[in-house]
1. Does any residue of region B:137-161 lose at least 40 Å² of accessible area with all protein chains in place compared with its chain alone, and if so which ones (probe 1.4 Å)?
2. Nearest 100 Å², what total accessible surface is buried between chain B and chain A (probe 1.4 Å)?
3. Please work out how much length the chain gains when fully extended from B:A210 to B:Q72, using 0.36 nm per residue of separation minus the C-alpha to C-alpha distance, in nm with one decimal.
4. Can you sort B:T349, B:T61 by 1.4 Å-probe accessible area, starting with the largest?
5. Per 0.36 nm of contour for each residue apart, how much would the distance between B:I148 and B:K307 grow if the chain were fully extended, relative to their Cα-Cα spacing?
6. Send over a whole-number figure in Å² for the accessible area per residue of chain B, probe 1.4 Å.
7. In degrees, nearest 10, range 0 to 90: what is the angle between the Cα axis of helix B:37-46 and the longest Cα principal axis of chain B?
8. Do the alpha carbons of any pairs in B:K277/B:K352; B:K204/B:K248; B:K133/B:K198; B:K139/B:K207; B:K68/B:K139 sit beyond 23 Å of each other, and which pairs?
Amino acid sequence: MQSRPKKLMLIDDNEIDLKINAKLINLANLFQEIIICRSGEEALDFLNKYLSTPELLPDFILLDIQMPEMDGFEFLEHYKDFPEKRPVAMLSSTLDFGDIKRAEANPYVIKLLKKPLSPSELEVLISR
Amino acid sequence: MKTPAVRVLYIDDEENNLQAFKASFRRQYEIYTAISAAEGLKILQNVDIQVIIADQKMPNTTGVEFFKSITQTYPDPIRILLTGYTDIEALADAINHGDIYRYITKPWNDLELHNSIKNAYDAYRSKIDLRNKMAELEKTNDELNRFIYSISHELRAPLVSVIGIVNLVKMEGLYHSSGDYWELIETCSSKLDYYIQKTLQYYKNNKNVAEPTVVDFDQLIKDLIEMYAHSNKETQFTVSIDQSVPFKGDLFRIEVILGNLISNAIKYQKVSEPNKKVNIEVEVNREQAQINISDNGMGILNEHLEKIFTQFFKSKVHHGSGLGLFIVKEALNRIDGRIAVSSDIDHGTTFKITIPNAK
């Protein structure tokens, strides 16, 4: 088997979705480790904390859009200044074309994935 | 019931007239008087005047000139012109440019002037009432749209979690572990999700028509088939696209229209039919796009053909949301498109759509 990326960072405020998606990804065996962050702030703190130890940083980020206080787009605004950037996919139940366009126009976002998360869709993305 | 005092401004360069006016009407109205157009303007700036009466013949500024000068700044008060003599030209000018409600000849008759002021005030009230009603309606409509939008979003998030859990159950091999309960949960969740998506489509269709964008029918139809045939791989699609000229139109609405029709063509197949077929033809010229979508599905009863585009119509046997074709029709109305349908129970259904090319 091809070496799979090691660490995924999952940013979502919804406890249930975190649980479902973490489990789905584990069952599909897509990553070796999942870093769970319950807000954009928590994710930024994590990234900044391990800036000097890049081996501890995630290889891929799955980012929810609708979150209280700092939403997905605001997170990306801060992420822009982060020196060790990794690919980001947004994850949302949105059907709003505005959100979809806005997400895919962002240079750090490779795709907007729709909830419910499909492991095979994610697999295609990370193998690119 | 005591009616609130009507605020009347009277402008005349003759002090005697101002006094006489005050003497006659001060009991009925709240009277403001001004000796010149400039003085009158000062009062307008400070008092919310409802009816203005101005003498035509004044030094510096005539009554009509004054009315003309305030058409933009004070459009609401109703204007009455007083003329000492019959000056046809001044009157024509007044009616054409000064937005005059009525003219009265001098010397005025108290009863006539009184009636005119009363009528002018009624006109003022209707104008303001209508404007308030319009604003209220726009606000209500806006709120309703926002409400539908946010409800659809808030409802959908937890529903999508439920669908995610069902997917997880499948992956863990538990789908058949409790009889058909999981399957039932999945069916109900998908149905609810479908309703929410239709509600959102309807909401978006209510918004204004977007700027026309380039539509590549070949790509669009491919995408839509992929999206809707995802859950049903049995149906054979034959697609022929004849697009040699560019087409411009409202991509979102065209997507909604074709998406609903393609999804229906897949959904309403005969269960017993071994060769389920959907045929899509698109022909684009400089004037319009002609799209035919036909299937060999279950067809539509003749007596239902009239009703299929009405909101919440559904047949007894195969219920959808009763919204799909209604949304198609509404979306077509918004972009000046047309739709025709022919169907029979033996051979299936054909929808013919025409959409003008915005170029």
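1. Buried-area filter returns B:H153, B:R156, B:V160, B:S161.
2. 1500 Å²
3. Details: separation 138, 0.36 × 138 = 49.68 nm, distance 3.15 nm.
Roughly 46.5 nm would be gained on extension.
4. On the way: B:T349 10, B:T61 45 Å².
Solvent-accessible surface, decreasing: B:T61, B:T349.
5. 54.7 nm
6. 57 Å²
7. 50 degrees
8. B:K133/B:K198; B:K68/B:K139
The values are calculated or read from the model by the stated rules, or taken from the named source; none is laboratory data. If you're wondering where the values come from, they're calculated on a predicted model, not measured in any experiment. Backbone-built Cβ (ideal geometry, glycine too); neighbour counts: all protein chains shown. Heavy atoms of the whole protein, side chains included, go into the accessibility calculation; ligands, DNA and RNA do not. Shrake-Rupley method; radii C 1.70, N 1.55, O 1.52, S 1.80 Å.
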